[in-house]
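Below is one structure, written out as structure tokens, with a few remarks after it.
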Amino acid sequence: MILFAKGANHALGFLAEKAGYDVLGLDWLIDPVEAQRIVGDKVALQGNMDPNVLYGGRDAIEATVKRMAEGFRERRIGWIANLGHGITPGVDPEDLRWFFECIHKYSRK
């Protein structure tokens, strides 16, 4: 099961250790490297791009996805690429498609 507790980055260690979830979702307010340091290999992680970047154009989307993927590159037990919160209705579907293409491009090892 996946837990996404927005704004609970201060509790990641406790959630990884005690909550019983397989995956913790991250919002965009925590650096992936810091989140990994906190949870270790106890759970997989999901996230964590700011969904507002989808309004910033293709260059912003690509740069942010690249930075996010690099932050999770050394993750040994799993990372699910995702937004750090839900998508909003005004996002251009082509920009969302570009987000997915960038995920595929930068998450390959």
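Normalising the Debye intensity of segment 43-91 to I(0), with uniform scatterers on Cα atoms only, and taking log10 at q = 0.23, 0.24, 0.26 Å⁻¹ returns -0.83, -0.88, -0.97. The slack in the chain from MET1 to ALA63, taken as 0.36 nm per residue of separation less the alpha-carbon distance, amounts to 19.3 nm. Centroid-to-centroid, using Cα positions, segment 56-90 and segment 1-47 are 15 Å apart. With a Cα cut-off of under 20 Å and a minimum spacing of 8 residues unless on different chains, the lysine pairs in the chain number 5. Short-range pairs are left out: with C-alpha atoms under 8 Å and at least six residues apart, the relative contact order of segment 1-82 is 29 percent. Counting only DSSP beta bridges whose two residues both lie in the chain, roughly 0 percent are antiparallel. Both the radius of gyration and Dmax for the chain are 13.6, 40 Å, in that order, over alpha-carbon atoms.
Throughout, read-outs are computed from the coordinates displayed, never taken from laboratory work. In this text, all values refer to a predicted model and were calculated from it rather than measured experimentally.
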